[in-house]
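This report refers to the structure that appears directly beneath it.
The values are calculated or read from the model by the stated rules, or taken from the named source; none is laboratory data. Since the structure is predicted, the reported quantities are computational estimates derived from the model, not experimental observations. Here Cβ is always computed from backbone atoms with ideal geometry, including for glycine, and neighbour counts include all displayed protein chains.
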Amino acid sequence: MIQAKVHIAMKFLLKVARLSIVCLLVATISFVALSGCSDSTQNSEDTTSQVEGNPKLNWDVSLWGKPRAGTEIAEALARELHTGTDGAWQLNLHYGEALSKARENLDGLAIGAFESALFCNFYHPQKTPALMVLTMPFLPMENWENNRKVREAVYAHPDVVNELKQWGAMIYTSTFLPQYEFMGRGSSPESIDDWKGLTVRVGGGMGDAMLRLGATPTSSTATEVYTGVQQGTMNAAAFPFTYGHVSYRIHEVSTWFTGNLAPGSADCALAFSISAYESLPAQYQELLESVKNKVIDAQVQAYVEVDKINLALLRETLSEVTYTEEERNAIREVAGKPVIDEWITANQDKFDARGLVDAIYTSVGHSFE
């Protein structure tokens, strides 16, 4: 963790130095004020000025990859804040790991390198171990309403709130990842036994579930998967279906996909720096809450719309693997509840693991047992 923070801090300082040199050259040549040449990653306190009653504010958001359905949460929030403040509050969305590596976004929030970022729990399970409960297999998230209820119940749990505080971060809302499916190359797993010996990209509890089916789970960032499948270092990769696979072009190097395995999901959330949030004027904090439902609706709709296009594409070009309800129940029996039970036992002394699982099931009117 210390090495990661030092790495980000060095990149941040180099960025400031480069910008300072640029500003100096502009001043020497043009003899004009340098108000537009300030570093965009400085803290909100430094970028705030009064403009017609609304503080002028620039927040940087660290993202990876390209704009896609799963980043609509950030795009929608940027639009709403721009509209709600007449352009005074700008969210600058930095894609392609321009500000930080995907695995280091929490580190960046911790040192104040930027004000907001997306992060995924399974990219670094040791940083947010309690939040890893959302990677458990076959959680009751079969529709969008339950997807939201489950995630918000977990976010509200004191252990999750406290572990984010250790990184100086707070979760604003989720990207509400849909259920995962697998996509791969070569022989397709037509039966439960066919998973034996396959190397699959999947993390957290879903990875433990696949291990019980005889597969070998491996963890890699989304941007590394294309090459892995193409070169055969992994047989298949799990992504939120369908947007994740197509966004990262996994279908271009694959021959099959699972259509109804639905082994679970993970969690990628939009987080804020606590210090940046607390420095906001009251009307801006209120604005964030007032637009949240609209932003979430835009995120879900992005998944719905992209599925209409992607499903047709995938079914036309790849072989779809489907399982009977009997087969899916057999998978759940082997790789569902037993994995969650093991996770509770392994973590109960570290945090309220059982309480987190109970909160998930209670949020949708179910019981874990």
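Before moving on, here are some points about what is shown:
- Among the residues examined, L311 does not qualify as of a type in the set (A, V, I, L, M, F, W, C) and either over 18 Å from N260 (Cβ atoms) or not in a helix (DSSP H, G or I) (or both).
- Selection status of T258, buried (at least 19 other Cβ atoms within 10 Å of the Cβ), more than 30 Å from N105 (Cα to Cα) and out of contact with any His (no Cβ under 8 Å at 6 or more places or on another chain): yes
- Subset tally (residues that are of a type in the set (G, A, S), touching a residue at least 12 places away in the same chain (Cβ under 8 Å) and over 15 Å from H157 (Cβ atoms)) for the stretch 318-360: 4
- Flag if Y123 is modelled with pLDDT under 95, buried (at least 17 other Cβ atoms within 10 Å of the Cβ) and out of contact with any Asp or Glu (no Cβ under 6 Å at 6 or more places or on another chain): yes
- Lone unmet requirement of (1) surrounded by fewer than 24 Cβ atoms within 10 Å (Cβ to Cβ); (2) at negative phi for G197: (2)
- Condition met for D159 (outside any loop (DSSP other than H, G, I, E, B), farther than 23 Å from N347 by Cα, among the acidic types (D, E) and touching a Gly at 6+ places or on another chain (Cβ under 9 Å)): no
- Annotation: of all residues in the stretch 137-148 being touching a residue at least 40 places away in the same chain (Cβ under 8 Å) and more than 17 Å from the chain's Cα centre (by Cα), the one that is farthest from N260 (Cα to Cα) is N146.
- Taken together, K350, K292 contain a single residue that is closer than 26 Å to K127 by Cβ and in the same structural domain as R148 (by TED's automatic domain parsing), which is K292.
- Set P263, P217: member being surrounded by 21 or more Cβ atoms within 10 Å (Cβ to Cβ) and either over 30 Å from T85 (Cα atoms) or hydroxyl-bearing (S, T, Y) (or both): P263
- Residue in the stretch 323-336 that is touching a Leu at 6+ places or on another chain (Cβ under 9 Å) and in a loop (DSSP other than H, G, I, E, B) present: yes
- Boolean, A298 is part of a helix (DSSP H, G or I) and modelled with pLDDT of 95 or more: yes
- The residue that is surrounded by the fewest Cβ atoms within 10 Å (Cβ to Cβ), counting only those in the stretch 226-244 that are under 15 Å from the mean Cα position of the chain (by Cα) and of a type in the set (G, A, S), is G244.
- Residue within the stretch 159-169 that is farther than 20 Å from S363 by Cβ, among the charged types (D, E, K, R), surrounded by fewer than 17 Cβ atoms within 10 Å (Cβ to Cβ) and assigned by TED's automatic domain parsing to the domain that holds T71 present: yes
- Taking the criterion of being within 12 Å of the chain's Cα centre (by Cα) and part of a loop (DSSP other than H, G, I, E, B), the only residue of the stretch 91-127 that qualifies is H124.
- Here A78 qualifies as free of Cβ contacts under 8 Å to residues at least 24 places away in the same chain and assigned to a helix (DSSP H, G or I).
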